[in-house]
Amino acid sequence: MAPVKVLLIGSGGRENALAWKLALSSQVEKVFVAPGNAGTNDGRKMENVDVSVKDFEAVSAWCQEQGISLVLVGPEDPLAAGIADHLTKKGIACFGPSATAAEIEASKDFAKQFMSRQGIPTARFQSFTDAEEACKHITGVSYRALVVKASGLAAGKGVVVASSKDEACQAARSMLSDKSFGAAGETIVVEELLQGEEVSVLAFTDGDAVSVMPPAQDHKRLGEGDTGPNTGGMGAYCPYPKINEAELQYIKEKIIQKTVDGLRNEGRKYVGVLYAGIMLTSDGPKVLEFNCRFGDPETQSLMPLLTSDLYETCKACVEGKLKDHPPHFDSHQTTLGIVLASGGYPGSYDKWKEITGIHEAEAQGLMVFHAGTAQKDGKIVTSGGRVLAVVAMDTDLPGASERAKKGASLIRFDGCFHRSDIGYRVLKSSNHAATGGMSYKDAGVNIVAGNELVEGIKPLAKSTQRDGCLSSLGLFGALFDVKAAGYQDPVLVSGTDGVGTKLKVAHAVGKHDTIGIDLVAMCVNDILAHGAEPLFFLDYFATGKLHVSLTTEVIKGIAEGCRQAGCALVGGETAEMPGMYAGEDYDVAGFAVGAVERNLMLPKTCEIHVDNVVIGLSSSGLHSNGFSLVRKLVDKHQLQYDMPSPLKTGNTLGYDLLVPTKIYVKSLLPLMREGKVKAFAHITGGGLVENVPRVLPDNLEIRLDAKSWTIPPVFGWIADAGNVSQEEMARTFNCGIGGVLIVSKTHVEEIVDRLNAAGEKASVIGVVEPRTDAEQVKIKHLGSAVMQSWRKLPGVARKKRVAVLISGSGTNLQAMIDHTKNPGNKSAAEIVLVISNKAGVKGLERAQTAGINARVIDHKKYKSRDEFDAAVHEALLAAGIEIVCLAGFMRILTEGFVTKWQGKMLNIHPSLLPSFRGADGIKMALEGGVRVTGCTVHFVAAEVDTGAIITQEAVPVYPGDTEETLAQRIHAVEHKAFPSALELLASERIELQEDGKLLWK
């Protein structure tokens, strides 16, 4: 590879460290620095150049003249102004984000709104342009709104962390009314003051992949012990050791990657380095700010640890190949940097003070990075507030600290000062460890937080107490007196369950107060299926890091669920397991114990018989099943949980998905105790088709009619957006029925009335019948009812998915394509799949031209008709097909296939049925001497050409007609009849009834 030239824009300590690292690359011939400083010119590979970085045309012209291979932009100002956009348009590779992507730093208001949209954890906030409105918010809001930020770029100084509400108001007025930060403070952000330790996490990204650097900690306050005003940074060390691998992985996935993905999805693809200032709160990592470039002074501590080629990584980011060239860092070393500042900084300060001792410090093996220096009369002098950074590397932090402090003491200039306590929080812990003291907290387990949680949830548990409960939280076991609960001959019934990946949605939305209700519901509804009254409940909560407020929210939900079920929350286990779970991730499990009098146990399987009635209890929505499929659907369509819900509820999508599972205990128990219920099936994982058989005798089945209950629109949305088949819906989701009762006819009316009076939505949904085959649950009209639940919502338009089966030229296929794709027809159908049993036919070409997925399923490759039909059936299901049209399909379909698509499959025949059935309809019409024939579109039935007729078109038979001439005229009207019949079925104006007759609506 030929040596390359790099232009580095910027003149601070950050750029000095980057220039030094770039110059070490074997691929780099020269590093030009604009405008440069005294420390970025070693006379060999680094050279300062006089190019105005504000004049983008001048920069690009200079790059083209010099043959620059890569431009690396250090500071935020030119990035926010669009230098990366300009250089890219000129064909010059630039490492740095576009202006729109750089807004993540250039506008704190944008950044906070973006984080809110994307579900990225951050402090609560509000943006203002009016000082008095800001002060009203500061003094009136429930949280500590003490952080005031100028929204625009303020050279790292536009943040005030106030100690009181009055001080915060003063800062707001200073920015908005007094214009202390000029245009940067025309909008301000008022934030909640977060508690915890701050850490800087930087990552390379090519706009898709991310590669996170070791975490560093910057000391922004001017004085020892983090006192005094904020600065651009008084020193940093790396890596920050108090963050574990699970937390770092959480930051990578839930903050860095989520930010890069979110920016890309919003049309702001981010290329370069993304800097995240993170606060490690008791509720997990939260973002304080984003920067669109390398951090300063973090970069001075990071670059010495980089063992791979910086140029190669930056070039890979620009070319979208970061996965192929990830950076590597030395994991066995620690660095610590101390900033030497001018007297008066961060206020006004004098310049041009001579600096001495730099060579002496470097002779000690230290790195001295220039930030605010210049050359004057052959001497190095001060030219800025933060002048130099002295960086030491050692095997541990104490060693690096001692070496850096020694080097800083060797450098002098008039007014020079520096902090001597960089890294003091960790160094205190190190000193403690040196005395032999290790703690459980050092291992990531916070006993104090655990005790705080227990004290906080005791009132929640107390609020659920009931007769029979003999214990409170804090004992080794939970005690319950069944006799005191009123039971004479009880059988204990227990159940355990979890919530599944619904937890992932709760995390994405940041809403955890209903998860506990789900947990209780899944357990108590299960034991209710045996007629048992839930008596007490225990929970298990496991997390990587205990966040008291989040955990309390979950347990509040558990207590509420227990109150709804009438059982006592008697105990549980909270397990903090760092390394097992990442960040705020947690899992919950529940264990419920109930009792039922022996003579009232359910199901009463031997009492269930033909003509018993099935009553359905409406669900509140998804309950807690199928969320892996739902989340995949959300990801596939690049939806966001905080977007307005497509269900037209006025809520967000995430809120609608988190509606908690219904608890049926209080409405059903009285009926069960009166012996009026023969069986109850709780519809959980496995949906309707797998749960109801658990309470049925082997010789019986139930037949349900989906039109007899109200299906929540969420199920139609899932079926539509995910192309989920009717069969998959029935075995994955409850489809609107949270529980099924089997009762005798004599009790039906009373039971339905009493359930509705108790607040349930109950209805008769089916009957018990003799079993006819392997399936014990048969549901008619489910597909159409599910889709109607979605389509009936205002503003929701949806087309039926159609497949066309062909064997030849596909002229009828073309007619249906033309009809469905004509906007003027407003067709209710959409052809999404064409299947041919022969390769190379004209119909496949027609489909491909129309942009329709076309497949060949060659019947010759299958041993039997059954195997061929099974392959076609699977292809139709996979495509979410609702209607099948046979258009010149020259295969006789098996009865099994026809049965599966009963009422959803159309064929066209070249005669006026029922006359002249079979393959030779045209020939038979001529031989029969009829004067009129035509075509017929009909439902496909097991017997050839016997299905219910939908449309017909007449064609006269002329003297002298041949099969060829008559066929031409019949085919012409077929092109009208077939689309017409398809439209009738797709718009649901017709329906095939069970008796095989056509119902017009």
May I ask you to list the residues in the stretch 310-363 that are polar (S, T, N, Q) and loosely packed, with under 14 Cβ neighbours inside 10 Å? 331, 348, 356
Take the residues in the stretch 236-276 that are assigned to a helix (DSSP H, G or I) and charged (D, E, K, R); name whichever of them is modelled with the lowest pLDDT. 245
Check off (1) more than 30 Å from residue 251 (Cβ to Cβ); (2) assigned to a helix (DSSP H, G or I); (3) not hydrophobic (A, V, I, L, M, F, W, C) for residue 466 and give me the number that stays unchecked. (2)
Condition first: buried (at least 19 other Cβ atoms within 10 Å of the Cβ) and in contact with an Asp or Glu (Cβ under 8 Å, 6 or more places away or on another chain). Now tell me which residues in the stretch 128-147 satisfy that. 145, 146, 147
Identify the residue in the stretch 952-992 that is without any contact (Cβ under 8 Å) to a residue 60 or more places away in the chain and of a type in the set (S, T, N, Q) and, among all such residues, is nearest to residue 888 (Cα to Cα). 968
Checked the stretch 137-173 for anything assigned to a loop (DSSP other than H, G, I, E, B) and in contact with a Ser or Thr (Cβ under 6 Å, 6 or more places away or on another chain); matches are 151
Right, residue 576: within 28 Å of residue 600 (Cα to Cα) and of a type in the set (Asp, Glu) or not? no
Being under 20 Å from residue 286 (Cβ atoms), out of contact with any Pro (no Cβ under 8 Å at 6 or more places or on another chain) and buried (at least 22 other Cβ atoms within 10 Å of the Cβ) is the filter here; which residues of the stretch 221-256 pass it? 256
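Residue-wise test of (1) under 21 Å from residue 808 (Cβ atoms); (2) buried (at least 18 other Cβ atoms within 10 Å of the Cβ); (3) out of contact with any Phe, Trp or Tyr (no Cβ under 9 Å at 6 or more places or on another chain).
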{"residue": "869", "(1), (2), (3)": "yes, yes, no"}
{"residue": "875", "(1), (2), (3)": "yes, no, yes"}
{"residue": "887", "(1), (2), (3)": "yes, yes, no"}
{"residue": "891", "(1), (2), (3)": "yes, no, no"}
{"residue": "905", "(1), (2), (3)": "yes, yes, no"}
{"residue": "908", "(1), (2), (3)": "yes, yes, no"}
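If you take the residues in the stretch 784-810 that are polar (S, T, N, Q) and surrounded by 19 or more Cβ atoms within 10 Å (Cβ to Cβ), which one is modelled with the highest pLDDT?
Here the residue is 789.
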Scan of the stretch 380-403 for residues that are closer than 25 Å to residue 230 by Cα and hydroxyl-bearing (Ser, Thr, Tyr), ordered by number: 382, 383, 401
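Determine, yes or no, whether residue 560 is part of a helix (DSSP H, G or I) and acidic (Asp, Glu).
It is true that residue 560 is part of a helix (DSSP H, G or I) and acidic (Asp, Glu).
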Looking only at the stretch 753-786, how many residues end up being in a helix (DSSP H, G or I) and over 20 Å from residue 703 (Cα atoms)? 5
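Could you tell me whether residue 331 is at negative phi, modelled with pLDDT under 90 and part of a loop (DSSP other than H, G, I, E, B)?
It is true that residue 331 is at negative phi, modelled with pLDDT under 90 and part of a loop (DSSP other than H, G, I, E, B).
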Whether any residue in the stretch 677-694 is among the charged types (D, E, K, R), at pLDDT below 95 and in contact with a Leu (Cβ under 9 Å, 6 or more places away or on another chain) is what I want to check. no
Go over the candidates 306, 340 one by one and state the one that is in contact with a Cys (Cβ under 6 Å, 6 or more places away or on another chain), over 22 Å from residue 105 (Cα atoms) and of a type outside the set (Val, Ile, Thr). 340
Being touching a residue at least 40 places away in the same chain (Cβ under 8 Å), surrounded by fewer than 17 Cβ atoms within 10 Å (Cβ to Cβ) and small (Gly, Ala, Ser) narrows it down to one of 618, 624, 628, so name that one. 628
Of the criteria (1) surrounded by fewer than 19 Cβ atoms within 10 Å (Cβ to Cβ); (2) closer than 28 Å to residue 817 by Cβ, which one residue 932 fails: (2)
Looking at 226, 218, 208, 178 in this structure, which one is free of Cβ contacts under 8 Å to residues at least 12 places away in the same chain and at negative phi? 178
Just give me the residues in the stretch 891-927 being over 26 Å from residue 864 (Cβ atoms), hydrophobic (A, V, I, L, M, F, W, C), touching a residue at least 24 places away in the same chain (Cβ under 8 Å) and in a helix (DSSP H, G or I), in sequence order. 922, 925, 926
Scan of the stretch 252-278 for residues that are within 23 Å of residue 159 (Cα to Cα) and of a type in the set (A, V, I, L, M, F, W, C), ordered by number: 255, 256, 273, 274, 276, 278
Residues of the stretch 797-811 classified as farther than 29 Å from residue 713 by Cβ and assigned to a loop (DSSP other than H, G, I, E, B), total: 4
Residue 738 being outside the structural domain of residue 564 (by TED's automatic domain parsing), in contact (Cβ under 8 Å) with a residue 24 or more places away in the chain and either within 19 Å of residue 880 (Cα to Cα) or among the hydroxyl-bearing types (Ser, Thr, Tyr) (or both): no
Qualifying strands (runs of 3 or more DSSP E) (wholly inside the stretch 812-890; at least 1 residues being small (Gly, Ala, Ser) and within 25 Å of residue 920 (Cα to Cα)): 829-836
Name the one entry in 12, 91 that is under 29 Å from residue 210 (Cβ atoms), outside the structural domain of residue 309 (by TED's automatic domain parsing), of a type in the set (Gly, Ala, Ser) and modelled with pLDDT under 95. 12
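The values are calculated or read from the model by the stated rules, or taken from the named source; none is laboratory data. These figures come from a predicted structure and were not determined experimentally. Methodologically, a virtual Cβ is constructed for each residue, glycine included, from the backbone with ideal geometry; neighbour enumeration extends over all protein chains shown.
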